[in-house]
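The values are calculated or read from the model by the stated rules, or taken from the named source; none is laboratory data. All values reported here derive from a predicted model rather than from experimental measurement. Cβ placement follows ideal geometry from the backbone for every residue including glycine, while neighbour counts extend to all protein chains displayed.
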Amino acid sequence: MTHPTELTIAGARAALDRREISAVELTRAHLDAIAALNPRLNAYITPTPELAERQAAEADAALARGEGRALTGIPLAIKDLFCTAGTRTTAASRILGNFVPPYESTVTANLLRDGAVFLGKANLDEFAMGSSNTSSAFGAAENPWKRQGEEDTFLVPGGSSGGSAAAVAARLALGATATDTGGSIRQPAAFCGIAGIKPTYGRCSRFGIVAYASSLDQAGPVARTVEDCAILLGSMAGFDPRDSTSADVAVPDFAAAVARGVKGLRIGIPREYRMEGLSPEIDALWQQGMAWLKAEGATLVDISLPHTKYALPTYYIVAPAEASSNLARYDGVRFGLRENGEDLKDLYERTRAAGFGDEVKRRILIGTYVLSAGYYDAYYVKAQQVRALIKRDFDRAWGEVDAILTPATPSAAFGRDEKQDDPVAMYLNDVFTVTANLAGIPGMSVPAGLDAKGLPLGLQILGKPFDEETVFAVGGAIERAAGFNALPTLRAAA
Amino acid sequence: MSLDTATVRRVASLARLRVEEADLPRLEAELNGILGWIEQLQAVDTQGVEPMAGGGAEALRMREDRVTDGGIQEKVLANAPDRADAFFAVPKVVE
């Protein structure tokens with residue numbers, strides 16, 4: 001039989017239901033893989049082997065009683081941004097280094113309701129701010145993929161959900177939760193050769209997810225197949241009265257949409273995404289993706305999204321503004337780190353200086369500045385207006401097309417020491433992904449090929465609000481056409 | 001618009017972030033780099049465009065005005081860096 005860590009979620013479901021493997025065996029195989037590889041990859045900040053063993057035993061008992069649910073016995077990694085009752089939740093920050101939530105996030109509660117097993121809390125950029133997972137206070141996570149001939153070069157897994165993506169790629173989990181504010185699901189999925197979807201804003205509850213930029217944050221899954229992403233999203237999604245922006249809409253059968261095909265679909269190709277300096281390799285992959293969809297019966301339509309080039313600067317006003325407000329709660333009084341000071345203001349300032357890393361501080365300062373008296377209209381209101389125009393570009397496109405195809409990232413995974421000197425160079429990683437957050441629409445990254453050095457590259461599918469089904473249909477078609485079966489250098493049972 | 005050292009110091013104080021004097025020049029350069037790049041937004045014609053505040057299309061819901069939880073004092077205080085009985089403890093604020 002296939003090694004347990006090589007199974008897909010759908011395959012593991014079938015094997016568990018047929019009693020070919022027990023949940024305890026499946027979980028132990030992953031815990032062994034974590035023990036062997038996590039010291040190197042640092043994909044998990046906090047492995048939770050005792051919790052996982054207990055949940056796996058409960059899963060076996062439920063299966064024996066005939067009470068199996070969609071995820072009963074499926075071992076997952078949980079991004080350490082989701083509050084988990086009784087398990088330390090750090091957001092990869094020193095300021096939350098000892099924080100143990102007394103409550104469970106809605107998304108993880110939904111997964112537990114459906115029987116999932118939690119292997120541990122996955123690494124990320126501090127407060128989900130970054131594209132490389134290098135800003136984690138618990139050390140960088142490593143991409144399990146290596147450039148051919150450069151096996152010693154430490155490549156980043158992308159970010160912010162770098163630990164989630166690295167864990168799934170290296171077979172240290174069958175799937176993982178992640179969050180995406182500007183590309184934090186799709187970019188690490190592309191860098192690690194796996195699939196990931198950011199659903200429509202409002203599809204998954206934000207209750208219990210450590211907030212970064214509340215009007216952009218959205219939870220979603222990463223997994224090794226499009227179908228596995230659909231299975232996980234089906235469990236994670238759903239209306240939650242505890243999140244005032246949660247959408248009260250039915251959760252469709254996402255997994256059923258994966259095999260639907262693209263015959264008759266109109267696929268938009270936005271000309272503004274063919275940016276100056278676009279790498280020929282990325283462009284070739286994009287052309288290949290178009291050819292695949294055309295061969296499957298889709299129609300390609302040239303479209304224009306004229307405000308695309310303003311998306312990143314808009315994001316770097318809106319997101320820091322919301323972050324500066326959200327992160328005001330870390331004051332050393334009610335939870336988290338405290339550094340004592342001469343008076344209360346000094347306590348706040350010393351606590352926050354000691355607790356936050358450089359990138360978080362930069363974003364708090366930018367956000368505070370753009371919201372401050374005299375600059376609010378010139379920066380913040382202006383950005384909100386441009387955001388409205390970006391959304392309007394998409395609203396108009398939906399009159400002509402059913403989904404949009406773009407590259408996922410402007411490059412393959414880069415080295416840990418590259419792009420670290422200039423914050424703006426790092427921000428450009430999200431150039432293709434950030435528009436979906438600003439417009440609130442779903443976006444998915446699917447592994448579609450390798451670059452000249454053997455590193456994975458992804459294609460992105462964007463869809464209409466609450467039409468993840470079409471996104472999954474297009475993602476499934478690309479997955480079948482690409483036949484992506486390359487494997488990372490570092491992985492369990494390798 | 002570009003930030004001078006005094007503005008960086010003022011913004012850091014507003015944000016309740018202690019910044020050492022020695023770090024101010026580096027921060028000033030980084031923040032000006034980011035703001036300079038953001039400046040391109042001024043080229044967009046936004047005359048009459050309604051600012052987009054939220055991420056979703058729906059208006060925020062109203063909920064019934066009633067107590068939905070409570071009686072969880074120990075949970076609320078469980079992560080306190082310092083507490084005195086049922087209170088969060090902080091340095092003396094009023095002389």
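Some notes on this structure:
- Cβ separations smaller than 6 Å between residues 6+ apart or across chains give the following pairs from the range A:364-383 residues that are at the interface with another protein chain (Cβ under 7 Å from one of its Cβ atoms) to residues that are assigned to a loop (DSSP other than H, G, I, E, B) and surrounded by fewer than 17 Cβ atoms within 10 Å (Cβ to Cβ): A:Val381/B:Pro51.
- Unique residue being modelled with pLDDT under 95, within 23 Å of A:Ser325 (Cα to Cα), more than 7 Å from chain A (Cβ to nearest Cβ) and within 22 Å of the chain's Cα centre (by Cα) when the list is B:Ser13, B:Ser2: B:Ser2
- Restricting the range A:114-125 to residues that are more than 15 Å from A:Arg54 (Cα to Cα) and not in a strand (DSSP E or B), the residue that is nearest to the other protein chains (Cβ to nearest Cβ): A:Asp125
Yes/no per residue for (1) assigned to a strand (DSSP E or B); (2) away from chain B (no Cβ under 14 Å); (3) touching a strand residue (DSSP E or B) at 6+ places or on another chain (Cβ under 6 Å):
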{"position": "A:Leu71", "(1), (2), (3)": "no, yes, no"}
{"position": "A:Ala77", "(1), (2), (3)": "yes, yes, yes"}
{"position": "A:Ala91", "(1), (2), (3)": "no, no, no"}
{"position": "A:Val100", "(1), (2), (3)": "no, no, no"}
{"position": "A:Val107", "(1), (2), (3)": "no, yes, yes"}
{"position": "A:Asn110", "(1), (2), (3)": "no, yes, no"}
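- Evaluation of A:Lys419 against (1) modelled with pLDDT of 95 or more; (2) charged (D, E, K, R); (3) assigned to a loop (DSSP other than H, G, I, E, B) (one fails), failing number: (1)
- Counted residues, the range A:384-415 - those being in contact with an Asp or Glu (Cβ under 8 Å, 6 or more places away or on another chain) and at the interface with chain B (Cβ under 7 Å from one of its Cβ atoms): 2
- Among the conditions (1) within 30 Å of A:Glu104 (Cβ to Cβ); (2) out of contact with any helix residue (DSSP H, G or I) (no Cβ under 8 Å at 6 or more places or on another chain), the only one that B:Gly48 does not satisfy is (1).
- Residue that is surrounded by the most Cβ atoms within 10 Å (Cβ to Cβ), among those in the range B:19-54 that are at the interface with another protein chain (Cβ under 7 Å from one of its Cβ atoms) and farther than 26 Å from A:Ala425 by Cα: B:Met52
- When residues of the range A:340-358 are limited to those that are buried (at least 18 other Cβ atoms within 10 Å of the Cβ) and of a type outside the set (A, V, I, L, M, F, W, C), the one farthest from the other protein chains (Cβ to nearest Cβ): A:Gly357
- Note on the range A:280-308: among residues that are over 30 Å from A:Ala259 (Cβ atoms) and surrounded by fewer than 16 Cβ atoms within 10 Å (Cβ to Cβ), the one that is modelled with the lowest pLDDT is A:Pro280.
- Of residues in the range B:77-95 being within 8 Å of chain A (Cβ to nearest Cβ) and among the hydrophobic types (A, V, I, L, M, F, W, C), the one nearest to A:Asp343 (Cα to Cα): B:Val93
- Residue among A:Ala328, A:Ala295 that is more than 7 Å from every other protein chain (Cβ to nearest Cβ) and under 25 Å from A:Gln218 (Cβ atoms): A:Ala328
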